[in-house]
Amino acid sequence: MDSDVLRLDASAIDYVILASYFAVVLGIGVLARRQVSSSIDFFLSGRSLPAWVTGLAFVSANLGAIEIMGMSANGAQYGLPTMHYFWIGAVPAMLFLAVVMMPFYYGSKVRSVPEFMLRRFGPTAHLVNALSFALAQVLIAGVNLYLLGTIVNVLLGWPLWVSLIAAAAIVLVYTTLGGLSAAIYNEVLQFFVIVAALLPLTLAGLHKVGGWEGLKDQITASPGGAEQLSAWPGNELSGFDNDFLSVFGIIFGLGFVLSFGYWTTNFVEVQRAMASKSMSAARRTPVIGAFPKLFIPFIVVIPGMIAAVSVQEMVQYKANGGTGGNVTYNDALLLLMRDLLPNGLLGLAITGLLASFMAGMAANISAFNTVFSYDIWQTYVVKDRPDEYYLKVGRVITIVATIAAIFTAVIASGYSNLMDYLQQLFSFFNAPLFATFILGMFWKRMTATAGWVGLVVGTSSAIFIFILSETDVISLQGQGASFLAAGVAFVADIVISVLVTMVTKPKPESELRGLVYSLTPKADLSENRTGDEAVWYRSTPMLVGVAGVLVVALNIIFF
Amino acid sequence: MAETPEPTEKTTTAGAFDIRTIIGGLMGIYGVILLVMGLWFTDASEIDRADGVNLNTRVSIGLLVFAAVMLAWVFLRPLRVPVEQDDSERPE
């Protein structure tokens, strides 16, 4: 992005708002470290977090770059079909996690996805999973860093590469100073700051374009046309010309493989729920997260759509078919902020965005750090050293990962719509993982060899589809190529796993207790609500039912 | 650090570390800042930009109401935490 074009005119008061946020978050981190207060312990020791806090942290951990900038970019480019990422691509998977997977996770006491792999399939699958996870985290950290850099760039006008390095340095300080204590508070706080910033932005934007009707008229008249006003069949988004294939691609590729893969196996997300105080609270966590998730698109996708018809540069860019000018779809939200928000509210909006990207990148870096130091380095490279040694490795690797993220940020900067890039990454890493995970959980015969071979074949076939689409052998516009890659990776993983299982020896059943559904005592999986938790509004099935009805209703309203 | 577990757990309010206090406090501060900005420091061009609406004032009212609700919640239902917590007396 050219640094002369987009400039947010922040004043002193905006920086005061920004500074006060980080003072609060870092202050809590420092206090928590200095004086061990029992109340701080209480919050951070995980086991006692109430479900509304873990639920908000759950959805906030995902409310980063992907969600805010990526989805408003998608909204500007594709319009309402973007809603699928929330209503088809997230909520059903969150409910599935609550009903089917969470009792199993919480009951079996597996604490992380790589740990499940190790216990279920042994070291090779574990190593494959740990390596691909680590790689995915560095690539996604690059996306967060790139967006952080973009904001520093529009605020201060530094060239992008200087902004990237500055943003990386800030994240490094934040991760070391704040630590985990700051992270949990930050996730919950950032949720409220973002809503406080984006809700007025959306309402003001709607007011400006003449309300919902005005927006509809202007979009119909714009290059996107009326099809950007209905969520289905979403041909432009999926890249399929055929309506049926498009719907199938969205439901199977995005709704099933990509989203179930993401939400049910993602280390960062699932661990938010593991921090709950009881089985019942653990199950409620993703469901409580699902409610904000249903409504977040209104304050993320709609501003993107408004930007596409009301911001001069954006209108021009879209009219040219997404080329020319000095803006990209990723700038939609920032452009709208520049055009609408007065100083003061602008500061709040900048704070919300910075907080969320920083938290997002910090989460990627610390997840990478954990997996690298313990799952890779300690398990396979240098074994049996004292704890301090691995802590030191962790510190060094945090710096290495941050530097690596600067390079992956450069890759991310090459995409005009970051969602395209992220969906590609998810199809490589999450789709095969989900296949192996679900098969291994429900099929006790599946062997250790099948575990890692399935993952390798699944990821390779997704990459193969990606290469075919890059070299124009398959021509799919939009995000259809990722949906296809995810679907192929999933099917290939399942087929190969089944075939390999047929010719290799399964693990003895005694080693699979607690790891495979049919071999786990039912008592470990059930939710027993007693005392405070016995009230009707804390019933998971009831909450799931309400969320299910809402998601169907929203799909009908915006059909 | 830990004493021997007692039959009745001693508790105290979480006070400033209650996440609701922090949320309410921060939103309240932002509400006040935006209200001051909206009343005295938002110029005509900024109001024009947003189609004649003074966004700072409107948002500040929302923030202050939200902060009041959060702090009232803390006041009415204070969070009790064990004074000295130890693994052997976790509430599960």
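Among the residues in segment A:283-291, are any under 30 Å from A:Glu213 (Cβ atoms) and either in contact with a helix residue (DSSP H, G or I) (Cβ under 6 Å, 6 or more places away or on another chain) or buried (at least 24 other Cβ atoms within 10 Å of the Cβ) (or both)? So that I can check it myself, show each step before the final result.
Quick first cut of segment A:283-291, residues under 30 Å from A:Glu213 (Cβ atoms) only: A:290-291.
Those still in the list that are either in contact with a helix residue (DSSP H, G or I) (Cβ under 6 Å, 6 or more places away or on another chain) or buried (at least 24 other Cβ atoms within 10 Å of the Cβ) (or both) too: A:290.
For segment A:283-291, residues under 30 Å from A:Glu213 (Cβ atoms) and either in contact with a helix residue (DSSP H, G or I) (Cβ under 6 Å, 6 or more places away or on another chain) or buried (at least 24 other Cβ atoms within 10 Å of the Cβ) (or both): present.
The rows are residues; the columns are (1) at pLDDT 85 or above; (2) within 16 Å of A:Thr436 (Cα to Cα); (3) within 27 Å of the chain's Cα centre (by Cα).
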| position | (1), (2), (3) |
| --- | --- |
| A:Ala489 | yes, yes, yes |
| A:Ile494 | yes, yes, yes |
| A:Met502 | yes, yes, no |
| A:Lys507 | no, yes, no |
| A:Ser510 | no, no, no |
| A:Leu519 | no, no, no |
Taking A:Leu348, is it open to solvent by less than 10 Å² (accessible area, probe 1.4 Å), over 21 Å from A:Ser222 (Cα atoms), out of contact with any Gly (no Cβ under 9 Å at 6 or more places or on another chain) and away from chain B (no Cβ under 14 Å)?
no
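I'm checking my understanding of the structure. Among residues of segment A:539-559 that are part of a helix (DSSP H, G or I) and surrounded by 16 or more Cβ atoms within 10 Å (Cβ to Cβ), which one is modelled with the lowest pLDDT?
Step one: list which residues in segment A:539-559 are part of a helix (DSSP H, G or I), which gives A:540-557.
Keeping just the survivors that are surrounded by 16 or more Cβ atoms within 10 Å (Cβ to Cβ) gives A:540, A:543-544, A:547, A:550-551, A:554.
On the way: A:Thr540: 74, A:Leu543: 79, A:Val544: 81, A:Ala547: 81, A:Leu550: 84, A:Val551: 81, A:Leu554: 80.
Here the residue is A:Thr540.
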Are any of the residues in segment B:20-27 more than 9 Å from chain A (Cβ to nearest Cβ) and either modelled with pLDDT under 65 or surrounded by fewer than 18 Cβ atoms within 10 Å (Cβ to Cβ) (or both)?
no
Of everything in segment A:131-147, what is crowded, with 24+ Cβ neighbours inside 10 Å and of a type outside the set (S, T, N, Q)? Give them in sequence order.
A:Phe133, A:Ile140, A:Ala141, A:Gly142, A:Val143, A:Leu145, A:Tyr146, A:Leu147
In the set A:Thr124, A:Thr150, which member is open to solvent by 10 Å² or more (accessible area, probe 1.4 Å) and over 16 Å from the mean Cα position of the chain (by Cα)?
A:Thr124
Scan segment A:328-345 residue by residue and report those that are open to solvent by less than 10 Å² (accessible area, probe 1.4 Å) and under 21 Å from A:Gly414 (Cα atoms).
A:Asn330, A:Asp331, A:Ala332, A:Leu333, A:Leu334, A:Leu335
Those residues of segment A:89-123 which are under 17 Å from A:Val257 (Cβ atoms), at pLDDT below 80 and outside any helix (DSSP H, G or I), in sequence order
A:Gly89
So, in segment A:370-387, how many residues would count as being modelled with pLDDT under 80 and either buried (at least 23 other Cβ atoms within 10 Å of the Cβ) or closer than 23 Å to A:Asn186 by Cα (or both)?
1
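Can we say A:Asn343 is within 14 Å of another protein chain (Cβ to nearest Cβ) and assigned to a loop (DSSP other than H, G, I, E, B)?
Details: within 14 Å of another protein chain (Cβ to nearest Cβ): yes; assigned to a loop (DSSP other than H, G, I, E, B): yes.
The answer is yes for A:Asn343.
How many of the residues making up segment B:44-63 are in a loop (DSSP other than H, G, I, E, B) and facing another protein chain (nearest Cβ under 7 Å)? Step through it out loud before you land on a result.
Quick first cut of segment B:44-63, residues in a loop (DSSP other than H, G, I, E, B) only: B:50-54.
Narrowing the set further to residues that are facing another protein chain (nearest Cβ under 7 Å) leaves B:50-51, B:53.
Residues that pass the stated criteria total 3.
May I ask you to list the residues in segment A:393-420 that are open to solvent by 10 Å² or more (accessible area, probe 1.4 Å), of a type outside the set (S, T, N, Q) and over 23 Å from A:Leu172 (Cα atoms)? Don't jump to the end; show me each part of the working.
Start the filter on segment A:393-420 by keeping residues that are open to solvent by 10 Å² or more (accessible area, probe 1.4 Å), which leaves A:393, A:395-400, A:403-404, A:406-408, A:410-411, A:413-416, A:420.
Narrowing the set further to residues that are of a type outside the set (S, T, N, Q) leaves A:393, A:395-397, A:399-400, A:403-404, A:406-407, A:410-411, A:414-415, A:420.
Across segment A:393-420, the qualifying residues are A:Gly414, A:Tyr415, A:Asp420.
Just to be sure, is A:Tyr390 over 30 Å from A:Ile463 (Cα atoms) and surrounded by fewer than 23 Cβ atoms within 10 Å (Cβ to Cβ)?
Yes; evaluated as a whole, the condition is true for this residue.
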Look at segment A:435-456 and say how many of its residues are surrounded by 18 or more Cβ atoms within 10 Å (Cβ to Cβ), among the β-branched types (Val, Ile, Thr) and in a helix (DSSP H, G or I).
4
Looking at (1) modelled with pLDDT under 80; (2) in a helix (DSSP H, G or I); (3) more than 20 Å from the chain's Cα centre (by Cα), which is the only condition A:Ala282 fails?
(3)
Log entry, pairs with first residue in segment A:12-27 being over 17 Å from A:Ala196 (Cα atoms), second being surrounded by fewer than 18 Cβ atoms within 10 Å (Cβ to Cβ) and not basic (Lys, Arg), beta carbons closer than 7 Å, six or more apart or on different chains, reads A:Leu26/A:Leu177
Checklist (1) closer than 18 Å to A:Met71 by Cβ; (2) modelled with pLDDT of 85 or more; (3) in contact with a Phe, Trp or Tyr (Cβ under 9 Å, 6 or more places away or on another chain) applied to A:Ser356, failing item
(2)
Between residues in segment A:131-149 that are on the phi < 0 side of the Ramachandran plot and residues that are polar (S, T, N, Q) and outside any helix (DSSP H, G or I), which pairs lie under 7 Å by C-beta distance while being six or more apart or on different chains?
none
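The values are calculated or read from the model by the stated rules, or taken from the named source; none is laboratory data. Being a predicted model, the structure only gives us computed values, none of them experimental. Methodologically, a virtual Cβ is constructed for each residue, glycine included, from the backbone with ideal geometry; neighbour enumeration extends over all protein chains shown. Side chains included, ligands, DNA and RNA excluded: accessible areas come from the protein's heavy atoms. Shrake-Rupley method; radii C 1.70, N 1.55, O 1.52, S 1.80 Å.
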